[in-house]
Amino acid sequence: MARAPLLQLSGISLTFGGDPVFDGLDLTVQPQDRVALVGRNGSGKSTLLKVMAGLVEPDRGERVVPAGTSVGYMEQDPGMEGFATLGDYAASGLAHGEEYRVEMVAEGLKFRPETPVATASGGERRRAALAKLMAEAPDLMLLDEPTNHLDIQAIQWLEAQLAETRAAFVLISHDRAFLRALTRATLWIDRGQVRRREAGFEGFEDWREQIWAEEDDQRHKLDRKIKAEARWAVEGISARRKRNQGRLRALAAMREERRAQIRRQGTAAMELEAGPMSGKKVIEAQGITKAFDGQPIIRDFSLRILRGDRVAFVGPNGVGKTTLLKLLTGELAPDAGTVTLGTNLQVAVFDQTRAQLDPDASLWDSLTSDPAMRVSGQQDQVMVRGVPRHVVGYLKDFLFDERQARAPVRSLSGGEKARLLLARIMAQESNLLILDEPTNDLDVETLDLLQDILGDYDGTVLLVSHDRDFIDRVATTTVALEGQGRATVYAGGWTDHLAQRPEPAEPAAASRPEAAKPAAARPEARKPAEGLTFTERKRLEALPAIIERLEAEIAKLTEFLSADDLFTREPAKFRKATEALAERQSQLSAAEDEWLTLEGKAQG
């Protein structure tokens, strides 16, 4: 027996500022649906989610939710007035005694419920909104960019929770890996029309391109028909006769249909131009160490970055990725060690906090007030890579229309703010690009374009991101920060780093279940080695696992380097993997020698 839908929209029409967002929209969400909601920035994704949540009233149409069905919505900018802490807000929809649900979710999302609302950052407030939704566990979850401000570990935790839930959800996200892993249907908003495909995000782009190709073919046929009929109307004397007036009216109708067709939004005309070539060596860090209040951020870390490298920095929030960037670029001095910068560097920075944008300034002023873009004596011109451009024309390159030019920055969506910041960065020449969380809020099409631009960029890129797919597409080297000052350099992107990362060591004997058995009942129980100190005995017990791990890493690296064309295709990856292989072989030799020495002493 078919179950009733959780939510149904019928004939929904909505207009903002005179422009239709939706017209005659019909939409149904069934139990256990897992839906990706995709579309360009500004296409109406968040608005549709708010209509589904009942937070925006349409001009026409009906929203139906069956009695007893709960619908939860994760707000991007939640209002928390009246709540003292983030935990109070997150638990506000729970019954008495269920507050523990927030504690459980907070651990996975890595936010502290005791944080005062007054001092919470935007990212912390968003995590609290997500925790509130997850703790309430409604029948239908509406999630608007839930992975923004989450680190990769928290994203993977959320991914696992959503994969196991029996609730339905509709999900807006720019994270391809997240969408591919979770969704089984796709809603695509394109110029006010919502199309549904009964398949997840995997394959969406091929489906979109097929629809656009069919649309282009139909438009081409209509253009040819209009051209033929227009020639008849001009050249045919019989067109004036009464019996042919119907044909003239049909021509007028075709022209009206052509005018009514809304051209799809193109991609931004973004361009990144490298300045004068930097030296071959861009940055060299030797044994750098940094700590704050006794807490190590980085310890005895060395890294050499050459011209053209694309280095991604990954790790949990708060582990020190941005601090390491500041150390490597000379903005912050290390406590120990040295950082040497190469010659002729021109640096451009994309700041994850968007601090370079004044929320009260207009888009126009945001560009013309930038000293690097100012044109002397010209209030309507900006300097773009050495060439004066009209400010509105340059804004149009980044998909802003003329009406937005005088609007305040605070009126923009997250993706539009990111595009505005990219407009400022790309106006200047650079040869070292620092990108701190550039992918937040950008739509898939803009991410594709940014990836292509970075691929053609002649300079060097340092990237902090939690977008696994984007890291895979861009990075040639990945630096994984693991906490307590530890950082490891891997060849390649996120997936490459996972393949090269050592397997977790076996748990200590005392923590395994068999450790509780009497010694005689455990297999291969070993008497304490005579003649060794306590520290030496522990080291001797640990060395076999260390040797096994190093042998496994050497095998993986050897297999990776065995590809015939690796050296010519990916020289940076080949160099890093070769260095890593030599290092592991040296460590293995030292570990084997140490084991032989201690084993001999124990037997002695």
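Yes or no, residue by residue, for (1) within 30 Å of residue 399 (Cβ to Cβ); (2) in a loop (DSSP other than H, G, I, E, B):
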| site | (1), (2) |
| --- | --- |
| 55 | yes, yes |
| 69 | no, yes |
| 89 | no, no |
| 93 | no, yes |
| 102 | no, no |
Residues in the stretch 408-426 that are small (Gly, Ala, Ser) and at pLDDT 85 or above: how many?
-> 1
Quick one: would you say residue 131 is under 24 Å from residue 94 (Cβ atoms) and surrounded by fewer than 22 Cβ atoms within 10 Å (Cβ to Cβ)?
-> no
Within the stretch 13-28, is there a residue that is under 30 Å from residue 135 (Cβ atoms), in contact with a Pro (Cβ under 9 Å, 6 or more places away or on another chain) and surrounded by 18 or more Cβ atoms within 10 Å (Cβ to Cβ)?
-> no
Quick check: anything in the stretch 525-540 at pLDDT 80 or above and surrounded by 15 or more Cβ atoms within 10 Å (Cβ to Cβ)?
-> yes
Checking residue 51 against (1) of a type in the set (A, V, I, L, M); (2) buried (at least 18 other Cβ atoms within 10 Å of the Cβ); (3) part of a loop (DSSP other than H, G, I, E, B), which test does it fail?
-> (3)
Going through the stretch 33-77 one residue at a time, which ones are under 18 Å from residue 4 (Cβ atoms) and either touching a Pro at 6+ places or on another chain (Cβ under 8 Å) or of a type in the set (A, V, I, L, M, F, W, C) (or both)?
-> 35, 52, 64, 65, 66, 67, 70, 71
Based on what the data block shows, is residue 105 touching a Pro at 6+ places or on another chain (Cβ under 9 Å) and among the β-branched types (Val, Ile, Thr)?
-> no
Have a look at 232, 207 and point out the one that is at pLDDT below 85 and of a type in the set (Phe, Trp, Tyr).
-> 232
Within the bounds of the stretch 294-303, is there any residue that is out of contact with any strand residue (DSSP E or B) (no Cβ under 8 Å at 6 or more places or on another chain), part of a strand (DSSP E or B) and either more than 30 Å from residue 191 (Cα to Cα) or at pLDDT 90 or above (or both)?
-> yes
Which one of the conditions (1) closer than 12 Å to residue 90 by Cβ; (2) not in a helix (DSSP H, G or I) does residue 150 fail to meet, given that it meets all the rest?
-> (1)
Give the residues of the stretch 107-132 that are within 21 Å of the chain's Cα centre (by Cα) and assigned to a helix (DSSP H, G or I), sorted by residue number.
-> 108, 109, 122, 123, 124, 125, 126, 127, 128, 129, 130, 131
Go through the residues of the stretch 401-421 one by one and say whether even a single one is touching a helix residue (DSSP H, G or I) at 6+ places or on another chain (Cβ under 8 Å) and under 27 Å from residue 341 (Cβ atoms).
-> no
Mind counting the residues in the stretch 28-48 that are in a strand (DSSP E or B) and touching a helix residue (DSSP H, G or I) at 6+ places or on another chain (Cβ under 7 Å)?
-> 5
Specify which of the listed residues (125, 176) is out of contact with any Ser or Thr (no Cβ under 6 Å at 6 or more places or on another chain), crowded, with 16+ Cβ neighbours inside 10 Å and not assigned by TED's automatic domain parsing to the domain that holds residue 46.
-> 125
Note on the stretch 448-458: residues out of contact with any Pro (no Cβ under 9 Å at 6 or more places or on another chain) and assigned to a helix (DSSP H, G or I) are 448, 449, 451, 452, 453, 454, 455, 456
Out of all the residues in the stretch 370-393, is one or more on the phi < 0 side of the Ramachandran plot, among the charged types (D, E, K, R) and touching an Asp or Glu at 6+ places or on another chain (Cβ under 8 Å)?
-> no
The number of residues in the stretch 179-192 that are more than 15 Å from residue 205 (Cβ to Cβ) and either under 17 Å from the mean Cα position of the chain (by Cα) or outside the structural domain of residue 42 (by TED's automatic domain parsing) (or both) is 2
Selected residue [closer than 24 Å to residue 479 by Cα, surrounded by 12 or more Cβ atoms within 10 Å (Cβ to Cβ) and among the basic types (Lys, Arg)] from 569, 575 = 575
Among the residues listed as 3, 34, the single one being closer than 22 Å to residue 72 by Cβ and free of Cβ contacts under 8 Å to residues at least 60 places away in the same chain = 3
Cross-chain or 6+ apart pairs with Cβ under 7 Å, the stretch 400-424 first and outside the structural domain of residue 41 (by TED's automatic domain parsing) and among the basic types (Lys, Arg), then at pLDDT 85 or above and assigned to a helix (DSSP H, G or I) | 406/364; 417/409; 424/367
Run residue 163 past the list (1) closer than 18 Å to residue 46 by Cβ; (2) surrounded by fewer than 23 Cβ atoms within 10 Å (Cβ to Cβ) and report the number of the one that doesn't hold.
-> (1)
Restricting the stretch 312-355 to residues that are in contact with a Leu (Cβ under 7 Å, 6 or more places away or on another chain) and among the small types (Gly, Ala, Ser), the one nearest to residue 493 (Cα to Cα) turns out to be 312
Residue list for the stretch 142-173, filter: within 23 Å of residue 52 (Cβ to Cβ) and either outside the structural domain of residue 27 (by TED's automatic domain parsing) or touching a Pro at 6+ places or on another chain (Cβ under 8 Å) (or both) = 158, 167, 168, 171, 173
Long-range neighbours under 9 Å by Cβ, at least six apart or interchain, first residue under 13 Å from residue 428 (Cα atoms) within the stretch 370-388, second at pLDDT below 85 and assigned to a strand (DSSP E or B) | 382/374; 382/375; 383/374; 383/375; 388/375; 388/378
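The values are calculated or read from the model by the stated rules, or taken from the named source; none is laboratory data. None of the values given here were measured: they were computed from a predicted structure. Every residue, glycine as well, gets a Cβ built from its backbone with ideal geometry; the counts of neighbours run over all protein chains shown.
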